[in-house]
1. Scanning region 92-141 for residues that are among the charged types (D, E, K, R) and more than 19 Å from Leu231 (Cβ to Cβ), which turns out modelled with the lowest pLDDT?
2. Take region 127-146 and flag every residue that is within 17 Å of Leu190 (Cα to Cα) and either hydrophobic (A, V, I, L, M, F, W, C) or part of a loop (DSSP other than H, G, I, E, B) (or both).
3. I need the full set of residues from region 187-246 which are within 22 Å of Arg176 (Cα to Cα) and small (Gly, Ala, Ser), in order please.
4. Just a yes or no: is a residue in region 156-177 exposed (fewer than 13 other Cβ atoms within 10 Å of the Cβ), of a type in the set (A, V, I, L, M) and farther than 15 Å from Ala98 by Cα?
5. State yes or no: is Leu190 in the same structural domain as Glu93 (by TED's automatic domain parsing), in contact with a His (Cβ under 6 Å, 6 or more places away or on another chain), modelled with pLDDT under 95 and buried (at least 18 other Cβ atoms within 10 Å of the Cβ)?
6. Filter region 127-147 down to the residues that are buried (at least 18 other Cβ atoms within 10 Å of the Cβ) and touching a Phe, Trp or Tyr at 6+ places or on another chain (Cβ under 9 Å), then identify the one that is farthest from Asp178 (Cα to Cα).
7. Restricting the search to region 124-176, which residues are of a type in the set (Lys, Arg) and within 19 Å of Ala198 (Cα to Cα)?
Amino acid sequence: MATLAKGLAVLGSFGEARPSMTLSEAAGATGMSRAAARRVLRTLAGLGYVAQSGRNFTLTPRILELGFAYLSTQSWLDRAEPLMKELSHAVQESCSAAILQGAEIVYVARMPAPHRIMSTTIAVGTRLPAVYTSLGRIQLGFLDEAELAACIEESRLVAHTPNAITDPERLAERIRQDHEQGFSIVDEELEKGLRSIAVPIVTRSGVNVAAINLSSHASRASTGDLTDRFLPELQAVARLISRSLP
């Protein structure tokens, strides 16, 4: 199990900020010794998940098999994607679905808007801090007090914008309020100009599985627009998706 954990740690250390790494960089990113990182990278290369060019290691397309294996087990996505596409087209804004993984969200479906919203590209597999996204906050509300406190402690509470909440107690209170009202709005906290509203996807017994949201630029939608125009349609889609869950 320790070897598997090390392999996953190395794979997880690759990303937009580190598309390729040397042996030393991989060791530093994972906290391993150079010898341990070398063994792991050689094993991953032998399995076809990483490739080596000179001193640099990069992921290979085979890594997509792991992601597709997960997505293929999520039957609710088959129901969600056409509904999300229809909703995105109707409101002319981006519609996304994400799961909660630790202190981050992972996008599992995305219908982009015809106009750019964020400065960075969001795609399936993109990770963002849960505490600064509506998709994350609405799911964090399903955690118990100890789990939520641990997640907030693990998160980097950085003032990405003047609106960002950086006080742990205020953040926990906001998450609880969002959970009680059944939706979460994040107003220009992750990036200036970005507003979004999210609702949870739950099973019939009330277990949180994921969340979906609509995102818009502040110049096109006020927070009032999010609740008045977007929320009813978003909730209707969430109910339809939730009905496909056991």
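1. Among those residues, the one meeting the criterion is Arg116.
2. Leu128, Ala130, Val131, Thr133, Leu135, Ile138, Leu140
3. Ser196, Ala198, Ser205, Gly206, Ala210, Ala211, Ser215, Gly224, Ala238, Ser242
4. yes
5. Considered against the rule, which asks whether it is in the same structural domain as Glu93 (by TED's automatic domain parsing), in contact with a His (Cβ under 6 Å, 6 or more places away or on another chain), modelled with pLDDT under 95 and buried (at least 18 other Cβ atoms within 10 Å of the Cβ), Leu190 comes out as yes.
6. Here the answer is Leu128.
7. Correct list: Arg127, Arg137, Arg174, Arg176.
This table checks each residue for (1) under 21 Å from Ala150 (Cα atoms); (2) among the charged types (D, E, K, R); (3) not assigned by TED's automatic domain parsing to the domain that holds Ile138.
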residue: Glu180; (1), (2), (3): yes, yes, no
residue: Ile185; (1), (2), (3): no, no, no
residue: Ile197; (1), (2), (3): no, no, no
residue: Ile201; (1), (2), (3): no, no, no
residue: Ile212; (1), (2), (3): no, no, no
residue: Asp225; (1), (2), (3): no, yes, no
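The values are calculated or read from the model by the stated rules, or taken from the named source; none is laboratory data. What you are looking at is a predicted structure, and each value in this text was computed from that prediction instead of being measured. Glycine also receives a Cβ, built like all others from the backbone with ideal geometry; neighbour counts cover every protein chain displayed.
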